[in-house]
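To start, the structure itself, in structure tokens.
The values are calculated or read from the model by the stated rules, or taken from the named source; none is laboratory data. The structure presented is a predicted model; accordingly, all values stated were derived computationally and were not measured. With ideal geometry, Cβ positions are generated from the backbone for all residues, glycine too; neighbour counts draw on all protein chains shown. To get the accessible areas, we keep the full protein, side chains included, count just its heavy atoms, and leave off ligands, DNA and RNA. Shrake-Rupley method; radii C 1.70, N 1.55, O 1.52, S 1.80 Å.
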Amino acid sequence: MKIGVVGAGVMGTGVAQCFAAAGHDVVVADPDPRALARGPERVRDGMRLTALLGRRPPPAVPDRIRWSDRLEELGGSGFVVECAAERLPLKESLFGELDRLCPAATVFASCTSAVPIGRLAAATARADRVIGTHFMNPAPVKDAVEVVRAAATSAETLHATTELLTGIGKRPIVVGDGPGFVANRVLMATINEAIATVGDGIADAVTVDQVFEGCFGHAMGPLRTADLIGLDVIRDTLVVLRECTGNPMYTPCPLLTELVEGGRLGRKTGEGFHTYPAG
């Protein structure tokens, strides 16, 4: 199957790698020339990571991925995964455009962190063929995918999506629709409060993570997790959750805003709540 991916960032390239490694031809579309230029490098980095973890990807993976700055290139796709920035107007616009470009049978999936799938489906004339596929970061090495079934998502679409994910080695976990679904409805509140704990001077970032790793057995504490996701993505996700739920609990705390505005975004910039060596 030809797979379309919208977005050549960390998630988009990771998702593209997952499908290409399973033998699918993939087209990644992104209007940003810098993102497109970095795309092949991100895929190579992902392949090195999976190899280090003992999952050697097929060497043909890069050859199965094509890069384009035109959304029209996704027109012949049987399945499209949207991995654009976590901004509701942008995603709604993309879904409307994809609806115009793609055949009626094409399934649209969103890798959104928080936007209700029903909101995105409403931007199309195929609400029954819209679904959420919330891949975790880094996508090539995370086995589970949170699959979000909106009220209008058909049983056929759900079945086709779970079969496709199973075929690329992922374990689909199906949940209902709502802001943040399960993963980020809980995780983002936890991360925001962990950041507030540091901002209030109760503990530093290392100590906060040690509590979660040592006392609860988490593989990674909330602030290392935030650094991995990207602090800008955390902020944008919280803004969406605040808008969609009306719950002030999801208002980004001042320290998070300060770090993002200062360009300290986590692993991808080398510094967030922790410092990371180059490469």
Checklist entry - Hey, residue 87 hits all of (1) open to solvent by 20 Å² or more (accessible area, probe 1.4 Å); (2) of a type in the set (Lys, Arg); (3) farther than 17 Å from residue 13 by Cβ; (4) modelled with pLDDT of 95 or more but one; which does it fall short on? => result (4)
Item to check | Residues satisfying the stated conditions in segment 33-55, i.e. under 26 Å from residue 227 (Cβ atoms), exposed (fewer than 14 other Cβ atoms within 10 Å of the Cβ) and either in contact (Cβ under 8 Å) with a residue 12 or more places away in the chain or not assigned by the TED database to the domain that holds residue 142 (or both) | outcome: 53, 55
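Here is a yes/no grid of residues against (1) touching a residue at least 60 places away in the same chain (Cβ under 8 Å); (2) in contact with a strand residue (DSSP E or B) (Cβ under 6 Å, 6 or more places away or on another chain); (3) buried (at least 18 other Cβ atoms within 10 Å of the Cβ); (4) closer than 23 Å to residue 149 by Cβ:
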residue	(1), (2), (3), (4)
10	yes, no, yes, no
25	no, yes, no, no
69	no, no, no, no
77	yes, yes, yes, yes
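Does segment 165-189 hold any residues that are open to solvent by 20 Å² or more (accessible area, probe 1.4 Å), among the hydrophobic types (A, V, I, L, M, F, W, C) and either in contact (Cβ under 8 Å) with a residue 40 or more places away in the chain or outside any strand (DSSP E or B) (or both), and which are they? So that I can check it myself, show each step before the final result.
So in segment 165-189, the residues open to solvent by 20 Å² or more (accessible area, probe 1.4 Å) come out as 166-169, 171-177, 179, 182-183, 185-187.
Imposing the further condition that a residue be among the hydrophobic types (A, V, I, L, M, F, W, C) reduces the set to 168, 173-175, 182-183, 186-187.
Correct list: 168, 182, 183, 186, 187.
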Checklist entry - Looking at (1) in contact (Cβ under 8 Å) with a residue 40 or more places away in the chain; (2) open to solvent by less than 30 Å² (accessible area, probe 1.4 Å), can you tell me which one residue 118 breaks? => result (2)
Checklist outcome for this item: Of the residues in segment 136-147 that are over 9 Å from the mean Cα position of the chain (by Cα) and part of a helix (DSSP H, G or I), the one that is surrounded by the most Cβ atoms within 10 Å (Cβ to Cβ) is 140
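Could you list, in sequence order, all residues of segment 172-212 that are acidic (Asp, Glu) and in contact with a helix residue (DSSP H, G or I) (Cβ under 7 Å, 6 or more places away or on another chain)? Give the steps one after another, and end with the answer.
At the first step, the residues of segment 172-212 found to be acidic (Asp, Glu) are 177, 193, 200, 204, 209.
The answer is 177, 204, 209.
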Next on the checklist: Being outside the structural domain of residue 141 (by the TED database), touching a strand residue (DSSP E or B) at 6+ places or on another chain (Cβ under 8 Å), at negative phi and in a helix (DSSP H, G or I) narrows it down to one residue among 209, 236, 227; which is it?
Outcome noted: 227
Checklist entry - Can you tell me which of 133, 106 is farther than 28 Å from residue 225 by Cβ and open to solvent by less than 10 Å² (accessible area, probe 1.4 Å)? => result 106
Checklist entry - Which of the following residues is under 22 Å from residue 17 (Cβ atoms) and at pLDDT 95 or above: 109, 114? => result 109
Item to check | Single residue of segment 239-260 satisfying the filter (among the polar types (S, T, N, Q) and part of a helix (DSSP H, G or I)) that is nearest to residue 201 (Cα to Cα) | outcome: 257
